[in-house]
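Notes follow the structure.
The values are calculated or read from the model by the stated rules, or taken from the named source; none is laboratory data. Nothing here was measured: the structure is a model prediction, and the numbers come from that model. Here Cβ is always computed from backbone atoms with ideal geometry, including for glycine, and neighbour counts include all displayed protein chains.
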Amino acid sequence: MAKKTKSEFITTGLVAQNRRAHFDYLIEEKFVAGLELTGTEVKSLRLGHANITDAFGIEKNGELYMSNMFIAEYANKGYASHSEKRDRKLLLKHKEIVEILNALARKGATLVAVRLFFNDKGLAKLEVGLGRGKKIYDKRASIKEREVNRKIRNGDY
């Protein structure tokens with residue numbers, strides 16, 4: 001594959017999306033958080049080399065981190081680089097952090113990455129969802145609802 005030109009870099013818009021988040025979890029509330037990233041991580045994100053499918057939130061010393069989020073190494077890194085699956089700090093307001101930590105204290109609550117994007121100012125943002133894991137019968141209901149909506153859209157009903 002040829003190298004990307006400057007116009008093909010992602011300046012604003014979606015970088016990565018977790019499609020399984022709404023299928024595996026019942027998302028109760030969403031938050032938009034900034035990320036503490038290194039320079040090579042931002043450059044790699046601009047190329048679209050990220051995967052947030054398995055990412056989840058953890059608490060360390062009263063702060064929130066996103067664990068298991070994959071950002072590929074930047075090809076033209078020089079001497080400095082980053083580890084691909086390191087814990088990345090979420091930048092949220094104190095009130096939001098307290099609210100999330102209280103919710104995570106409940107049994108079954110999880111902080112899940114929903115989508116990773118660049119906002120209008122060109123800053124990397126991560127939309128995280130606070131949710132509970134779905135049971136198998138809940139997943140079957142989601143599948144049935146999705147198929148009914150698809151049939152309605154196609155005019156089969």
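Points worth noting:
- Restricting attention to segment 84-98, the residues that are surrounded by 10 or more Cβ atoms within 10 Å (Cβ to Cβ) and outside any strand (DSSP E or B) add up to 9.
- Neighbours by Cβ (under 8 Å, 6+ apart or cross-chain): first from segment 33-51, within 22 Å of Glu63 (Cα to Cα) and assigned to a strand (DSSP E or B); second small (Gly, Ala, Ser) and modelled with pLDDT of 90 or more: Gly34/Ala124; Leu35/Ala124
- So Ala80, is it without any contact (Cβ under 8 Å) to a residue 60 or more places away in the chain, hydrophobic (A, V, I, L, M, F, W, C) and either surrounded by fewer than 16 Cβ atoms within 10 Å (Cβ to Cβ) or not in a loop (DSSP other than H, G, I, E, B) (or both): yes
- Filtering segment 10-29 to residues that are within 11 Å of the chain's Cα centre (by Cα) and either within 22 Å of Asn102 (Cα to Cα) or among the aromatic types (Phe, Trp, Tyr) (or both) leaves only Ala21.
- Cβ-Cβ contacts under 7 Å between residues 6 or more apart (or on different chains), taken from a first residue in segment 134-157 that is within 23 Å of Gly108 (Cβ to Cβ) to a second residue that is part of a helix (DSSP H, G or I), are listed as Lys134/Asp24; Lys139/Phe23; Ser142/Phe23.
- Options Ala16, Ala72: the member that is crowded, with 16+ Cβ neighbours inside 10 Å, touching a residue at least 60 places away in the same chain (Cβ under 8 Å) and among the small types (Gly, Ala, Ser): Ala16
- Residues that are in contact with a Gly (Cβ under 7 Å, 6 or more places away or on another chain), touching a residue at least 60 places away in the same chain (Cβ under 8 Å), surrounded by 16 or more Cβ atoms within 10 Å (Cβ to Cβ) and of a type outside the set (S, T, N, Q) within segment 110-123 comprise Val112, Val114, Phe117, Phe118, listed in sequence order.
- Where Glu41 falls short, out of the listed (1) acidic (Asp, Glu); (2) under 29 Å from Gly108 (Cα atoms); (3) buried (at least 17 other Cβ atoms within 10 Å of the Cβ): (2)
- Per the conditions (1) over 13 Å from Tyr25 (Cβ atoms); (2) surrounded by 11 or more Cβ atoms within 10 Å (Cβ to Cβ); (3) at pLDDT 90 or above, the sole criterion not satisfied by Ala141 is (3).
- Subset of segment 121-157 that is among the aliphatic types (A, V, I, L, M) and part of a strand (DSSP E or B) - its residue that is nearest to Phe9 (Cα to Cα): Ala124
- Against the test of being farther than 30 Å from Tyr137 by Cα and among the aliphatic types (A, V, I, L, M), the options Leu26, Leu64 yield a single qualifying residue, Leu64.
- In the set (1) at pLDDT 90 or above; (2) farther than 19 Å from Lys121 by Cβ; (3) out of contact with any Phe, Trp or Tyr (no Cβ under 7 Å at 6 or more places or on another chain); (4) not basic (Lys, Arg), the condition left unmet by Tyr74 is number (1).
- Looking across segment 83-115 at every residue that is within 15 Å of Asn51 (Cβ to Cβ) and in contact with a strand residue (DSSP E or B) (Cβ under 9 Å, 6 or more places away or on another chain), the one that is modelled with the lowest pLDDT is identified as Glu84.
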